[in-house]
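**Q** I'd like to ask you about the structure that follows.
The values are calculated or read from the model by the stated rules, or taken from the named source; none is laboratory data. Everything quoted here is computed from the prediction, not taken from an experiment. Quick reminder, even Gly has a Cβ in these numbers, built from the backbone with ideal geometry, and neighbours come from all protein chains shown. Ligands, DNA and RNA are excluded from the accessible area calculation, which covers all protein heavy atoms including side chains. Shrake-Rupley method; radii C 1.70, N 1.55, O 1.52, S 1.80 Å.
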Amino acid sequence: MSAVRIARLSEEPLDLDAHLRAVEDDASGAVTTFVGRVRNTDPDATDAVVALEYSAHPDAPAALHRIAEHAAAGTDAIVAVSHRVGRLGVGEAAVVIAVASGHRAAAFEVCRTVIETIKTDLPVWKRQVEADGTTAWKGLGG
């Protein structure tokens, strides 16, 4: 069975419990999670952030799968990862990752590798929306 159980982009809210269920495995003694949420502040913002608008290249789902596969390679880790697209309000989850493995070190390492690689390699862009209507594109990644 593949190490990657979920790797998808979604316009719907992300469900952490679904990701946890996807990585359930009797041989896994460790499970780590990461939830990246929209916050109301940004160092570059002059007003409160009220939303992020994510858009993705058509190849983004395949890229996300490759990111998860690469992170899990050489380990016993199982990965479930999703990234939202569309408009998200403050507090909504933009990224959800669950990783299960036999031991905690691999689970933490794979989880960190997935999110860090998403930030640099996933062809997803975000436009930040401030309370005063100001918008700014924030670049590649989540």
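**Q** Assign unit charges at the C-beta atoms only (+1 for Lys and Arg, -1 for Asp and Glu), then state the dipole size of segment 1-45 relative to its Cα centre in Debye, rounded to the nearest 20. Don't skip to the end; give the middle numbers.
**A** Details: 5 positive and 9 negative charges, 14 e Å.
In total the dipole reaches around 60 debye.
**Q** What nm value, rounded to one decimal, do you get for the distance between Ala136 and Leu20 when each label is placed 7 Å out toward the C-beta?
**A** Placing both labels 7 Å along Cα→Cβ, they lie 3.6 nm apart.
**Q** Using amide H atoms built in the peptide plane, which far-off residues or other-chain residues are under 5 Å from Leu14 H to H?
**A** Long-range HN contacts for Leu14: Ala93.
**Q** While we're on this one: Whole number in Å², please: accessible area per residue of segment 23-140, 1.4 Å probe, ligands, DNA and RNA not counted.
**A** Value for segment 23-140: 50 Å² per residue.
**Q** Quick check: the angle from helix 104-121's long axis to the longest principal axis of the chain, C-alpha only, nearest 10 degrees?
**A** 40
**Q** Tilt of helix 60-72 relative to the longest C-alpha principal axis of the chain, in degrees (0 to 90, nearest 10)?
**A** The angle comes out near 40 degrees.
**Q** What's the carbon and sulfur percent of the chain's accessible surface, probe 1.4 angstrom, rounded to a whole number?
**A** 49
**Q** Here's something else I'd like to know. How large is the dipole of the chain about the Cα centre if only Lys and Arg carry +1 and Asp and Glu carry -1, each at its Cβ, rounded to the nearest 20 debye?
**A** 120
**Q** Take the Cα of His103, step 7 Å along the line toward its Cβ, and report every residue of segment 29-53 whose backbone nitrogen sits under 17 Å from that point.
**A** 29-32
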